[in-house]
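Accompanying notes for the structure given below.
Please treat every number below as a calculation from the coordinates, not as lab data. Model, not experiment: these values are computed from the prediction. Don't worry about glycine lacking a Cβ; one is built from the backbone with ideal geometry, like all the others, and counts go over all protein chains shown.
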Amino acid sequence: MANTLLTIDDDNAITELLAIILRSHGFDVLVANDGEDGIRIIKEKSPQLVILDLMMPNMDGWQVCKAVRNFSNIPIMVLSALDDPAVVASVLDAGADDYLVKPIPSAVLVAHINKLCRRTGMLYPPANKDVAMRPNTQPLSR
């Protein structure tokens with residue numbers, strides 16, 4: 001069974017970049033460009049983890065976290081440009097499991113994904129054991 005991740009971000013360039021990076025590490029990636037669509041995909045597709053932006057129109061990351069926590073314990077990782085301890089505390093209290101600040105090296109992002117999935121039992125053994133986890137020091141940024 002594949003490890004499916006969902007990225008929710010209103011910036012198409014970010015979701016496309018995340019999809020490329022994560023697919024290169026053996027993940028299947030679903031994409032949503034607004035909170036409502038992200039919630040629908042979680043309900044319909046049951047991904048193993050959500051990567052969520054905070055600053056989105058209509059339904060922001062805090063609202064998405066709270067809504068998802070009403071029906072699921074899926075791991076939620078926030079990936080945001082906001083680097084304020086009060087914001088981090090607020091979104092963790094809203095139900096997020098991890099918080100990373102953009103830009104972030106892709107190897108660190110993947111390590112956090114693997115950590116969350118291991119701790120929650122959501123990560124399946126790799127379908128292709130030949131996929132090498134290569135360190136990448138290039139930061140993920142806008």
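Here the calculated FRET efficiency for residue 119 and residue 37, from their Cβ-Cβ distance with R0 = 30 Å, stands at 0.65, rounded to the nearest 0.05. Couplings for the stretch 100-113, taken from phi via the Karplus curve 6.51 cos²θ - 1.76 cosθ + 1.60 with θ = phi - 60°, read 10, 9, 6, x, 9, x, 4, 5, 5, 4, 5, 4, 5, 4 Hz in order; Gly and Pro are left as x. For the stretch 4-140, the relative contact order works out to 22 percent when only alpha carbon pairs closer than 8 Å and six or more residues apart are counted. By the beta-carbon count within 10 Å of each Cβ, the least crowded to most crowded order of 15, 7, 120, fewest first, is 120, 15, 7.
Using the 10 angstrom Cβ neighbour count as an exposure proxy, how do 11, 60 rank, fewest first?
Ascending number of Cβ neighbours within 10 Å: 11, 60.
Straight-line cross-link reach from residue 115 at under 18 Å between alpha-carbon atoms covers these aspartates and glutamates, not counting any fewer than eight positions away in the same chain: 28, 97, 98.
Normalising by residue count, the stretch 4-140 has a Cα convex hull of 97 Å³ per residue.
Extending 7 Å from Cα along the Cβ direction at residue 45 and again at residue 93 yields two label points whose distance is 3.2 nm.
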